[in-house]
1. From (1) in contact (Cβ under 8 Å) with a residue 60 or more places away in the chain; (2) away from the ligand (no atom under 13 Å from the Cβ); (3) farther than 25 Å from THR50 by Cα, pick out the condition that doesn't hold for GLY110.
2. (1) closer than 13 Å to GLY110 by Cβ; (2) more than 12 Å from the ligand (Cβ to nearest atom): which one isn't true of ARG51, the others all being true?
3. Working only within segment 63-93, note down all residues that are over 26 Å from ILE53 (Cβ atoms), of a type in the set (A, V, I, L, M, F, W, C) and more than 14 Å from the ligand (Cβ to nearest atom).
4. For segment 206-254, enumerate the residues that are under 20 Å from CYS95 (Cα atoms) and touching a Gly at 6+ places or on another chain (Cβ under 6 Å).
5. Let me confirm something: among VAL152, VAL121, which residue is more than 9 Å from the ligand (Cβ to nearest atom), more than 12 Å from the chain's Cα centre (by Cα) and among the β-branched types (Val, Ile, Thr)?
6. Give ALA28, ALA40, ALA44 a once-over and let me know the one that is more than 17 Å from PHE62 (Cβ to Cβ) and either free of Cβ contacts under 8 Å to residues at least 40 places away in the same chain or in the same structural domain as GLU133 (by TED's automatic domain parsing) (or both).
7. Could you run through segment 159-180 and say how many residues are surrounded by fewer than 20 Cβ atoms within 10 Å (Cβ to Cβ) and in contact with a Phe, Trp or Tyr (Cβ under 9 Å, 6 or more places away or on another chain)?
8. Exactly one condition in (1) without any contact (Cβ under 8 Å) to a residue 12 or more places away in the chain; (2) more than 12 Å from the ligand (Cβ to nearest atom) is false for ARG96; which is it?
Amino acid sequence: MTQFSHIQLQTENNITTITLDRPKVLNALSTPLMEELIIAITKAEKDDQTRVIVITGSEKAFAAGADIEEMQSKNFSDMQSNNIYGRLQDAFAACRKPVIAAVSGYALGGGCELVMMCDFVLASESAKFGQPEVKLGTLPGIGGSQRLTKLVGRSKAMEICLTGRFIDAAEAERIGLIARILPADSFLDDVYKIAGEIAGYSLSATRMIKQAVHFAESAPLDQGLAFERGLFYASFSTEDQKEGMKAFLEKREPDFKDK
Ligand code: CAA
């Protein structure tokens, strides 16, 4: 069994939770933490017991960005040869299961970028997001300038990245950065209700939905529509499509096999 020092990994009821665990530095994303995150997400993708992945932090911070103390003295060669920022994004891109970010407190810089690598974001009322790299003399480096622009549009992304200001959960929901705000006092219970609902569906269906929605981010509409149709028709070769539709007609709960 892999021993982790900077994250916790737990699987229960087909939901794997990855908890960022460097509380003294607000879960700053050090290289060792990101290496563990790569191992954990790869493991969860392969694990038959895992149907949904939840990534979370503490009440005060999801993650306050890449570790500034670690980064400060690095040079170009260090950054390029290790390429942890590229490898982390590759590991998320290779994960075909739904990944939910559950955010309380700060999600800044690399923390906000990690959030945007997940498939959707559930945030507590306390959540605060931002790309404050400009204040450190640099720019977002784990996809912030790209994913934020796709999610919220150029004007808003430009303003957020150029000012480095923090935005609260209400604004994040309004501009489309996050999916939903949940009450702080029942936050994780509510997250697990949503994750549990998704975990109860056919994994082949949730995988195909994830694939189709991600395809829309980079493909022109005609190609996206053709891609979606291909997947939709392919779903008719699964037992779960037969079961899901039969159960509806028989007015009972479906018993999906692909789980
Ligand atoms: N890296 C390293 N350490 C960090 C950190 C980070 N990103 N964020 C916070 N910490 C540390 C602080 O240095 C402090 O450590 P000490 O107790 O040893 O002094 C501890 O966490 C607690 O932080 P604060 O005392 O600052 O807590 P606060 O409540 O007063 O403020 C905060 C919270 C507003 C989030 C503030 O900590 C902050 O602004 N953090 C930095 C945010 C940031 O700039 N993130 C971007 C990083 S660059 C990046 O992510 C690049 C990229 O795209 C890949």
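1. (2)
2. (1)
3. PHE76
4. Within segment 206-254, PHE215, ALA216 qualify.
5. Values: VAL121 fails: more than 12 Å from the chain's Cα centre (by Cα).
Of the residues listed, the single one that is more than 9 Å from the ligand (Cβ to nearest atom), more than 12 Å from the chain's Cα centre (by Cα) and among the β-branched types (Val, Ile, Thr) is VAL152.
6. Only one candidate qualifies: ALA44.
7. Total meeting the criteria: 5.
8. Condition not satisfied by ARG96: (1).
The values are calculated or read from the model by the stated rules, or taken from the named source; none is laboratory data. Since the structure is predicted, the reported quantities are computational estimates derived from the model, not experimental observations. Every residue, glycine among them, receives a Cβ derived from its backbone with ideal geometry; neighbour counts consider all protein chains shown.
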